Amino acid sequence: MTLTSSTERRASERVGRAVRGGRRLALRVIGAVVVLWGAATAAFLAQIALPGDRATAIFNIRAGQAQERTPEELAPIVDAFGLDDPVLLQYLHYIGGLLRGDLGTSYQQFRPVWDLIGEQLAATLTLTLAGIVLSWILMVAWVTLTAGRGGRFRNVGAAVDTIAAALPPYWLGILLLLVFALWLGWFPVMGGSGLIGILLPALTLAIPLAGFMGQSVRAEYEHTLDQPFVLSARMRGMGDLSVRLRHVLRHASLPAVTLTGWALGATISGAVIVEQIYSRPGIGKTLVSAVGAQDLPVVTGVVVLVAALYVVANVLVDIAYTLIDSRLRTS
Amino acid sequence: MASSRIRRTLTAASAAAMLSMLAACSQAAAAAPQDDDTIVYAHQQEPQCLFGGWIEQAYISYQFLDNLFSLDENGEAVPWLAEDWSRSEDGLTYTIDLQSGVSFTDGTPVDAEAVAYNFDYWVAGGNSTAQVWLGGYYESAEAIDDLTVEVHLSRPYTRFIENLTQSYFGIQSQHALETRTDEENCRAPIGSGAFVVDEWNRGENVILTRNDDYTSPPANARHDGPAYVKTIDWRFIPEGITRVSALKAGEADAIYDIPAVEWADVDEGGYELHKYVTPGRPQQVSFNTTRAPFDEEDVRKAFILSLDRKKIVEAVGYGVIPYEGNGAISRATPGYDEGAAERYAFDPDEANALLDAAGWDERDEQGYRVRDGERLEAVFPYDAGTIINADGASIFQAVQEQARETGFKVDLIPVAASDTWSGAYSTPDSYDLKAGYWTSVNAGILYINWRQSTEDNPNFANSAFYDDPELESIIEQANSAGDIDDQNALYGEAQEYIADHATSFGLYDRLSTLGVSPRLAGVWQEHAQGGPTFYDAHFVD
């Protein structure tokens, strides 16, 4: 009897956990949908609010002359894209398209926004992921080297974090380009999408990010160094480096993991600048040129996509959290 | 054990990153000399489609579309797809004879029907610049037989054939235009040119590959048959300094638009420099003649007299950018009038006298002139980055400074691309000064820029909003004049008229410049707009 009841109890616990898990998942999905809908709406409204007339912009870009246009000239464009529909109708049409997975057609390139973004996405993701990996390497190396050391060393470490975190990406990018590509000639000037070309752009993203993560990791790191389990590890005869990497880093890295989720979004916006400086293709550059061309479907498409990446990144961060800190799994 | 798994993954990830970086570095170090079959050309702006009415589109479509005629270095139209042409007595019918045996790269023939179709396609909006050139004159085009096209005009246009040499008039496959999607015709137009569009990696480059069956070079090309190089890697590099550095580092074989400040340095580096002064409307500033303060002719004159334009352009342009005094057409345009160009020299005393006489005789505490409590103020938006480059912006800043001396407050407003194209500063109530150029091969551009705007036939390209029947009539007579000397005299009269009424003033001539590596020979600038021609280009050791 006891055996059966304990099995039942375990079963009901499992059901309870599954229900809680299911509810948490449902809340997450709803939250994600709300975020995406908000981003899509904000992007749409921002574009509608831009001064000037979209049909004129479409015509002028095709013509290469910026001037006023007659209604007759603009009529085919207005018809083709439904630009004279009430804004609400345009909005519903747009949201309806999103629900069907249709991001619309570019005003300028006459092709589906999906194709356009798909073509550019890989280059940007490669850049941002390389940037994040590099920033982790820089941050871990620098914090491990300097945190909790004697006075001056430690101060220099913290100061470098602060300075790095505050470096403006445009300035940093130009500086790296000037020094390493133009002056020293170690890297190509026109990086393009090639593998060689990625290091300087990735560094431009990684250095401020490493500084930013370093700031939050450092305090935690120094706090952890004083914990009893660190002392006991040392007493077991573990070397300093091994203690730092194996025990301390694991505890101290949680804030940086959280920041990485945020960083994925931040580096994608940072890519806008970096792609311009280094003449790389990517969605950042696509976004800039689409804003310039008032190509609304492309702008909103990129915004929705970046929002989606944010959402996915945050889910991944939650998972990483539970993996690193096993207490979260049982609680 | 989760922790060790994470650590392993982290270590693996960082190791992978390190490895790829090392690989990247060694690859950079071992970069072989460039492939002799590929020209790497760094251009500046990337268009949205490869064919259209913008000069950036003309530059690239020239590589893969042939025109009916080509302009030679003397400004004469010479055969290209067309062998010959003739004009009827009344000047209303042009008969154009095509070369036989030429095919588009989709295999369809370049015949009279396809050519006639292209005319109607441009006029229907397929090319908005071709459309304004033909507007007011073109009536119809018809195929008489396989290789003969007749173009009918509603009134004579003496330099009609010359106009057809700009790449806006590149001939495309009728079959491609009719059967393919807009997207396909945007991405890879089909012509009969020396190269074909192979691939467009947006944001990065266009790969053009040789048309091995090419038989139709223009009469002013330097060889026959297919091009020498197999591929052109046409990159888009917006930053001038990056383009120049790429040339110096040997990464690019040719680059477009060398910033004036880099010119001497590139020259000393042993690179071949090409400079083409664009004919047509120069970089000029027109006055909005419909509202105060520039609705008064004397105030317009005073503004021009306030400026030492020559000095400004020389200072900013390092002697590379030519000063242009003529507000109507540039010195590279046939029929250019020197008198109109020299009408206004720097004369602040005269400027002050004119302003005093016009009632702008008080100054406020900042030194700006005031009349009836109104400040002498002018809104001057300019299209930064799209139509006006960095050198142009510096020139406008100097204009602003100098005009301040005589008491003008100039509000210089850089306009971002999205506002530029949406026409944010294009209406009579939005600006006082407007800068801009418009390339053309002859003074017929005057008709486009100065024709009156009417209810039935508005002309928003008249950026001075200056509707003057007399000026329009002079220009129309010039366009239709049978004799070239008569025509030039009439175009001269129109330029004098524009100078007399001070409706616009010139600043500098727009340039099209190229820098070419000594490894690459045979690059030249085509004569209709100054874009690069790679058909004759080949590598030398």
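No lab work stands behind these numbers, since they all come straight from the coordinates. Owing to the predicted nature of the structure, the values given are computational and were not obtained by experimental measurement. Cβ sites come from the backbone with ideal geometry, for glycine too, and all protein chains shown count toward neighbours.
How big is D for segment A:39-116, in µm² s⁻¹ as a whole number, if Stokes-Einstein is applied with the Kirkwood radius of its Cα pairs at 37 °C and 0.692 mPa s? Write out the running numbers ahead of the final one.
Details: Rh = 13.6 Å.
Using the Kirkwood radius from Cα pairs, D works out to 241 µm²/s.
Mind listing P(r) for segment A:166-301? All alpha-carbon pairs, 5 Å bins, whole percents.
Values per bin, smallest distances first: 2, 9, 15, 14, 13, 12, 11, 9, 6, 5, 2, 1, 0, 0.
Kirkwood Rh over alpha-carbon pairs of segment B:325-451, then Stokes-Einstein at 25 °C and 0.890 mPa s: what D in µm² s⁻¹, rounded to an integer? All intermediate terms of the calculation are to be shown ahead of the outcome.
Details: Rh = 16.8 Å.
It comes out at roughly 146 µm²/s.
Nothing charged except the Cβ atoms of Lys and Arg (+1) and of Asp and Glu (-1): what's the magnitude of the dipole of segment B:260-309 about its Cα centre? Round to the nearest 20 debye.
Details: 6 positive and 10 negative charges, 78 e Å.
Roughly 380 debye, rounded to the nearest 20.
Could you pull the Rg and Dmax for segment B:400-541, using just the Cα atoms, both in Å?
Here Rg and the maximum Cα pair distance are 19.9, 62 Å.
Need one number for segment B:443-512: average projected area of the convex hull over its C-alpha atoms, nm².
Numbers: hull surface 22.2 nm².
Here the figure is 5.5 nm², rounded to one decimal.
Give me the distance between the Cα centres of segment B:75-142 and segment B:148-165, rounded to whole Å.
Computed from Cα coordinates, the inter-centre distance equals 8 Å.
How far, in nm, would the chain grow between B:Tyr318 and B:Glu268 when pulled straight, counting 0.36 nm per residue and subtracting the alpha carbon separation? Intermediate values should be presented prior to the final figure.
Numbers: separation 50, 0.36 × 50 = 18.00 nm, distance 1.48 nm.
Between B:Tyr318 and B:Glu268, full extension yields 16.5 nm more.
Sort A:223-236, B:366-379 by packing, meaning the average of other beta carbons within 10 Å per residue, with the highest value first.
Ranking, from highest mean packing down: B:366-379, A:223-236.
When the distances between all Cα atoms of chain B are binned every 20 Å from zero, what whole-number percent does each bin get?
Binned Cα distances yield the sequence 20, 49, 25, 6, 0.
For B:Gln397 and A:Ala26, what does the FRET efficiency come to when R0 = 60 Å and r is the distance between their Cβ atoms, rounded to the nearest 0.05? Write down the numbers at each step before the final one.
Working: r = 59 Å, r/R0 = 0.99.
Using R0 = 60 Å, I get an efficiency of 0.50.
Running a GNM on chain A with Cα contacts under 10 Å, which residue among A:Val302, A:Val189, A:Val143 ends up with the highest mean-square fluctuation?
Residue with maximal mean-square fluctuation among A:Val302, A:Val189, A:Val143: A:Val189.
Starting at 0 and stepping by 10 Å, how many percent of the alpha carbon pairs of segment B:117-163 end up in each bin?
The percentages, shortest bin first, are 26, 56, 18.
For the residues B:Trp438, B:Trp421, B:Trp133, B:Trp524, what sequence is obtained by ranking on other C-beta atoms within 10 Å, fewest first? Please list the in-between numbers first.
Values: B:Trp438 22, B:Trp421 29, B:Trp133 25, B:Trp524 19.
Starting with the residue having the fewest Cβ neighbours, the order is B:Trp524, B:Trp438, B:Trp133, B:Trp421.
How many partner chain Cβ atoms sit within 10 Å of a residue's Cβ in peptide B:37-48, on average, as a whole number?
2
Rounded to the nearest whole Å³, what is the per residue volume of the convex hull around the Cα atoms of segment B:177-272? Present the calculation step by step, with values, prior to reporting the outcome.
Working: hull volume 14.2 nm³, N = 96.
Measuring per residue, one finds 148 Å³ for the Cα hull of segment B:177-272.
Please report, in whole Å, how far the alpha carbons of segment B:333-407 spread along each principal axis, starting with the longest.
Computed over the Cα atoms, the extents are 43, 32, 16 Å.
Relative to 2.2 N^0.38 Å, what does the C-alpha radius of gyration of the protein assembly as shown come to as a ratio? Two decimals please.
Working: Rg = 32.0 Å, N = 872, 2.2 N^0.38 = 28.8 Å.
Compared with the compact-globule rule of thumb, the protein assembly as shown sits at 1.11.
What angle, in degrees between 0 and 90 and rounded to the nearest 10, separates the Cα long axis of helix A:87-99 from the longest principal axis of the Cα atoms of chain A?
The angle comes out near 50 degrees.
Over the residues of chain A, compute the C-alpha Rg and express it relative to 2.2 N^0.38 Å. Don't skip to the answer; put the middle values down first.
Details: Rg = 25.5 Å, N = 331, 2.2 N^0.38 = 20.0 Å.
That works out to 1.28 for chain A.
What list do you get for B:Thr158, B:Thr289 if you sort them by fewest beta carbons within 10 Å? Could you put the intermediate results ahead of the total?
Working: B:Thr158 19, B:Thr289 22.
Least crowded to most crowded, the residues run B:Thr158, B:Thr289.
Each residue of segment B:317-325 in order: what ³J(HN,Hα) in whole Hz does its phi give by Karplus 6.51 cos²θ - 1.76 cosθ + 1.60, θ = phi - 60°, with x for Gly and Pro?
x, 6, x, 8, 7, x, 5, 9, x
State the volume of the convex hull built on the alpha-carbon positions of segment A:1-136, expressed per residue in Å³ and rounded to an integer.
200 Å³
How much FRET efficiency would the formula 1/(1 + (r/R0)^6) give for B:Ser86 and B:Glu113, where r is the Cβ-Cβ distance and R0 is 22 Å, rounded to 0.05? Mind dumping the intermediate values first?
Numbers: r = 20 Å, r/R0 = 0.91.
Computed FRET efficiency for B:Ser86 and B:Glu113: 0.65.
In vacuo Debye scattering of segment B:58-99, one point per C-alpha: log10 I(q)/I(0) at q = 0.35 Å⁻¹?
-1.07
Which entries in B:Lys275/B:Lys310; B:Lys275/B:Lys409; A:Lys285/B:Lys275; A:Lys285/B:Lys310; B:Lys248/B:Lys434; B:Lys310/B:Lys434 show an alpha-carbon gap greater than 28 Å? Don't skip to the end; give the middle numbers.
Numbers: B:Lys275/B:Lys310 19 Å; B:Lys275/B:Lys409 35 Å; A:Lys285/B:Lys275 30 Å; A:Lys285/B:Lys310 38 Å; B:Lys248/B:Lys434 37 Å; B:Lys310/B:Lys434 19 Å.
Result: B:Lys275/B:Lys409; A:Lys285/B:Lys275; A:Lys285/B:Lys310; B:Lys248/B:Lys434 exceed 28 Å.
What translational D, rounded to a whole number of µm²/s, comes out for segment B:367-432 from Stokes-Einstein when the hydrodynamic radius is the Kirkwood one over Cα pairs, at 20 °C and 1.002 mPa s? Before the final figure, lay out the partial values.
On the way: Rh = 12.8 Å.
The Stokes-Einstein estimate is 167 µm²/s.
From the Cα gyration tensor of segment A:262-301, with a ≥ b ≥ c the square roots of its eigenvalues, which class applies: rounded if a/c is under 1.5, or else prolate if a/b is larger than b/c, or else oblate?
Values: a/c = 2.80, a/b = 1.34, b/c = 2.09.
Cα axes put segment A:262-301 in the oblate bin.
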